[in-house]
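Structure record follows, encoded as C-alpha cells.
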C-alpha cells in the first residue's frame with residue numbers, strides 16, 4: 001500500500017540533472033546569429049530610408065557650406081592637432097586591444 | 001538585486017553572453033520539465049527547449065521579474081509543448097496514453113516506477129505535479145505558469161496524486 005509520505009518523497013525528489021552537452025553553446029550561437037541578422041536588417045532599412053530621403057535633402061546648400069568651411073578647417077592648427085590626437089588615441093587603443 | 005535579475009537586464013541590453021549564462025543555469029530544469037511532459041522523448045524535449053529559449057530571448061522585455069526567471073521559462077516551455085501537441089494531434093489532455101516508453105538508463109527503481117506511472121497521467125497533471133513537487137512552486141505559481149485557474153491546478157494535483165498512488169500500488 002502506497003502511503004502519502006512515500007508518494008510525497010518520490011514526487012519532491014528533484015528531477016535528474018540533464019547534462020548540457022553543448023546545448024547552451026548552440027542556443028547562444030543562434031542568439032548571436034539572430035542579433036547579427038537584426039543589426040544588418042536595421043542597417044539595410046536605414047540605408048533604404050536615407051536613399052529615399054536624398055532627393056529631398058538641401059544638398060546644394062550643404063555643398064556651399066562645405067566649400068566655405070573646408071579651407072577654415074584645413075588651415076586651423078588647433079583642429080589639426082585635435083585630429084592627430086584622436087588618430088593616435090585610436091591607434092593606441094587598437095594596439096592595447098591586440 | 002538577484003543574479004538572475006542582473007543577467008536578465010544585461011541580456012535585455014543585447015549581451016548574448018549574459019543570456020548564455022541564463023541558459024546554462026536553467027537548461028537542466030527546462031529540459032527536465034519537457035522530458036517529463038514528452039514522456040522522456042529526449043529529442044523532442046530538446047527541440048522544444050531550444051524553441052523555448054529562443055522565444056524567451058525574443059520576448060525578454062516581457063519578463064517583469066515578478067516570479068523567477070526559471071518559472072517564466074517553464075511557462076513558455078508549457079505553451080510550446082501545447083502547441084506541439086496540437087500540431088501533432090496526439091495524446092489528448094485528459095485521456096492518458098497507456099503505452100508509454102521511458103528512457104531508463106540512470107533512473108533508480110523507485111524513480112523508474114514513478115516515471116512510468118507519471119507517463120500515464122494527462123500532460124496537465126504531469127506538469128502540475130512536477131511544478132508543485134519537484135520544483136517546489138506553490139499552487140498559485142503553478143497556475144500562473146500553466147495559465148490555468150487555481151482550482152483547476154489544485155484538482156490536477158489531487159487527481160494526479162490519486163492516479164499515481166493507484167498506479168504505483170499495482
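Each residue, residue A:61 and residue A:2, gets one label point 7 Å from its Cα in the Cβ direction; the gap between the two is 8.1 nm. Ranked for footprinting exposure by Cβ neighbours inside 10 Å, fewest first, A:76, B:79 give A:76, B:79. Residues of the range B:32-66 falling in the label zone of residue A:21, defined by backbone nitrogen less than 20 Å from a point 7 Å along Cα to beta-carbon, are B:32-54. For peptide A:5-13, the mean count of partner chain Cβ atoms within 10 Å of a residue's Cβ comes to 5. As a rough guide to protection, the peptides B:33-41, B:65-73, A:63-71 ranked by mean Cβ packing within 10 Å, highest first, stand as B:33-41, B:65-73, A:63-71.
Take each residue of peptide A:18-24, count the partner chain Cβ atoms within 10 Å of its Cβ, and average: the result is 6.
Summary value for chain B: 20 percent relative contact order, contacts being C-alpha pairs under 8 angstrom separated by 6+ residues. Helix B:150-169 and the long axis of chain B differ in direction by around 50°, with both axes built from C-alpha atoms. Please find the FRET efficiency linking residue B:139 to residue A:43, where r is the Cβ-Cβ separation and R0 is fixed at 41 Å, and quote it to the nearest 0.05. It comes out at approximately 0.25.
From least to most packed, judged by other beta carbons within 10 angstrom and beginning with the fewest, A:56, B:19, A:90 follow the order A:56, A:90, B:19. Between the helical axis of B:42-58 and the longest alpha-carbon principal axis of chain B there is an angle of about 30 degrees. Would you mind calculating the relative contact order of the range B:1-90 from Cα pairs under 8 angstrom and at least 6 residues apart, reporting the percent as a whole number? Reported relative contact order: 29 percent. Of A:47, A:2, the sequence from fewest to most neighbouring Cβ atoms within 10 angstrom is A:47, A:2.
The mean number of Cβ atoms from other chains found within 10 Å of a Cβ in peptide B:16-23 is 5, as a whole number.
Taking a ≥ b ≥ c as the square roots of the eigenvalues of the alpha-carbon gyration tensor, the protein assembly as shown is classed prolate because a/c is 1.5 or more and a/b outweighs b/c.
Take every Cα pair under 8 Å whose residues are at least 6 apart in sequence, average their separation, divide by the length of the range B:103-170, and the relative contact order is 38 percent. On the beta carbon distance between residue A:75 and residue A:50, with R0 = 30 Å, the FRET formula returns roughly 0.45. Using a/c under 1.5 as the rounded threshold, could you call the range A:58-98 rounded, prolate or oblate? The axes a ≥ b ≥ c are square roots of the C-alpha gyration tensor eigenvalues, and prolate needs a/b larger than b/c, oblate otherwise. Oblate shape, in that a/c is at least 1.5 and b/c is the bigger or equal ratio.
Each value in this text was obtained by applying a stated rule to the coordinates, not by laboratory testing. Worth saying up front: this structure is predicted, and the values here are computed from it rather than measured. Neighbour counts run over all protein chains shown; Cβ positions are idealised from the backbone, glycine included.
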